[in-house]
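Worksheet: one structure, shown below.
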Amino acid sequence: MTNLFKLFLFISSYSPLYVIVALSIFPYENIDVQSFVEDQVTLTVTIILLVLFSLSFLPIWYMKKCELNSTIVSERVARKNEEILSYLVTYIVPLLAINVKEISTLITNGILFMIIGYLYIKSNLIHVNITFLLFGWNIYEDELGRVIISKDNPDYFIRMNIANNPIRVRKLASNIYLHRS
């Protein structure tokens, strides 16, 4: 998997944040399109958020369309969705403190976002993605420590193991696999 695709996965992991920030900077009191367009900082931030939000759906589209070109055998799996919730609280909450009117908070949060992105890609944390949960994907870990992203429930993996059937997957990264039924 390329670092570019990992970058898209990172961008998609923050898709709820883009919506929340966009809603927080929208001028509800005086909906005046002209003044909104004239405020260059707010307009720039809004455009960036729209672009990031749009890019967020590329990994989900890829996951639906890519070919499952390998198989693995897993005896048991355990859900790992709680990692996503911990990620949400640890990283997204501080980014909600963005004050669009202050350039210093935009720069600080931009740097924080880039550092988190770098660590996300280098640490292979591509499975820690709230957007997966929103689209019905679950995160599992098997007995060998492999991460499996799948819409199936744990019973599916048990049935496949009992029937001695391998699971069709696509390797996304080292020890991270995508499964679709």
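The values are calculated or read from the model by the stated rules, or taken from the named source; none is laboratory data. These numbers were taken from a predicted model, which means no experiment stands behind them. Neighbour counts run over all protein chains shown; Cβ positions are idealised from the backbone, glycine included.
The set of residues in the range 76-112 being at pLDDT 85 or above, surrounded by fewer than 14 Cβ atoms within 10 Å (Cβ to Cβ) and closer than 28 Å to Asp142 by Cβ consists of Arg76, Ala78, Arg79. Within the range 129-148, the set of residues being within 8 Å of the chain's Cα centre (by Cα) and assigned to a helix (DSSP H, G or I) comprises Ile130, Thr131, Phe132. Ser181 fulfils the conditions (1) touching a strand residue (DSSP E or B) at 6+ places or on another chain (Cβ under 9 Å); (2) polar (S, T, N, Q); (3) under 15 Å from Ser12 (Cα atoms) except for a single criterion, (3).
Restricting attention to the range 165-181, the residues that are modelled with pLDDT of 90 or more and loosely packed, with under 15 Cβ neighbours inside 10 Å total 2.
Of the residues Ile126, Ile115, which is free of Cβ contacts under 8 Å to residues at least 24 places away in the same chain and either loosely packed, with under 11 Cβ neighbours inside 10 Å or part of a loop (DSSP other than H, G, I, E, B) (or both)?
Working: Ile126 fails: free of Cβ contacts under 8 Å to residues at least 24 places away in the same chain.
Step by step, each of Ile126, Ile115 is checked, and only Ile115 is free of Cβ contacts under 8 Å to residues at least 24 places away in the same chain and either loosely packed, with under 11 Cβ neighbours inside 10 Å or part of a loop (DSSP other than H, G, I, E, B) (or both).
Here Ile84 meets the list (1) in a helix (DSSP H, G or I); (2) out of contact with any helix residue (DSSP H, G or I) (no Cβ under 9 Å at 6 or more places or on another chain); (3) among the aliphatic types (A, V, I, L, M) almost entirely, failing just condition (2). Inside the range 36-71, can you point out the residues that are under 24 Å from the mean Cα position of the chain (by Cα) and assigned to a strand (DSSP E or B)? Scanning the range 36-71 gives a single hit, Ser70. The set of residues in the range 149-164 being assigned to a loop (DSSP other than H, G, I, E, B) and loosely packed, with under 14 Cβ neighbours inside 10 Å consists of Asn153, Ala163, Asn164.
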